[in-house]
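Here is the structure we will look at, set down as structure tokens.
FYI, it's all coordinate maths here, none of it is from the lab. Quick caveat, the model's predicted, so the values are computed rather than measured. Note that we place each Cβ from the backbone using ideal geometry, even for glycine, and neighbour counts take in every protein chain shown.
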Amino acid sequence: MLAEKIAARDHRSLARAATWIENRRPEAEPLLRELFPRTGHAMIVGVTGAPGAGKSTLCDQLTEKLRADRKTVGVIAVDPTSPYTGGAILGDRIRMQRHHSDPGVFIRSMATRGWLGGLAAATTEMTMLLDAAGFDTVLVETVGVGQDEVEIARLADVTLVVLVPGMGDDVQAIKAGIMEIADVFVINKADQPGAEKLERELKSYLALSHRADGWSPTIVQTVASDGKGIAAVIAAALEYHARGSSRARAAEIWALRLREMLRERLLDRLPESEFAARGKEVAERRRDPYSILHEWLERI
């Protein structure tokens, strides 16, 4: 019954299922198993970049343009964890508040809860939920952690890397990590000095790099606060998605996801107190770590 309501994009049912997924409730896995055959139709778009690059404003404008094109949109905004409540600091959701009453838009904020790489532990399952609900596009905005924020490439069909002028030694500062995952580069706040310089540096970098799929990432200049360049970003994302490169690497992506899911399930079998107790034993040299690992593997 709940699965049918989710397939009809009932927002209350979606919110309930999202809470089950995020809190790892026992009801979540059977629901996702039932919904999985409905997945594989949405275009998953990752939006990543350094803090302050304007990712939330860009997502807000992308949502508006997609809705104008009669596309339904799900948004997953991964926010920093509150040090007081452990929940999400809902800055991203506040910025997209104007879409709250639109039945064709569903927005969910997720706390990282200590998860690294710019995503939350349950982000993969959340995208599956919105995909199964029939949303045409699912936007996943990462928390903004800098050059190590590459986990989104394992999840998204299309990855937008958002940059802004005036980052100092622009390309050199970030190319070690995040540059390599971009399918589309978005130079936001392009009305500020340095936008043309940044684009030239990106083109120089791309001229020296070669991707296995043969794609040369598109560079788009935007002023997201004014809605400028948004249509070009969507066109670039659709062009890459239409090539089928993301579908061609779906098996590789799912192999990585399955590895992560197995790791999470195994860790869930052991309480935090177990790690604390065994950690103390190792620190006091009463036991070696390898015997503890073997003990856990045998138990699991």
Self-check item: Fewest-first sequence of 270, 2, 208 by Cβ atoms within 10 Å of each Cβ
Solution: 208, 270, 2
Exercise. Using Cα centres only, tell me the gap between segment 253-281 and segment 11-33 in whole Å.
Key: 21
Quiz prompt | Listed residue pairs exceeding 32 Å between alpha carbons, taken from 5/189; 65/203; 55/280 | solution = 5/189; 55/280
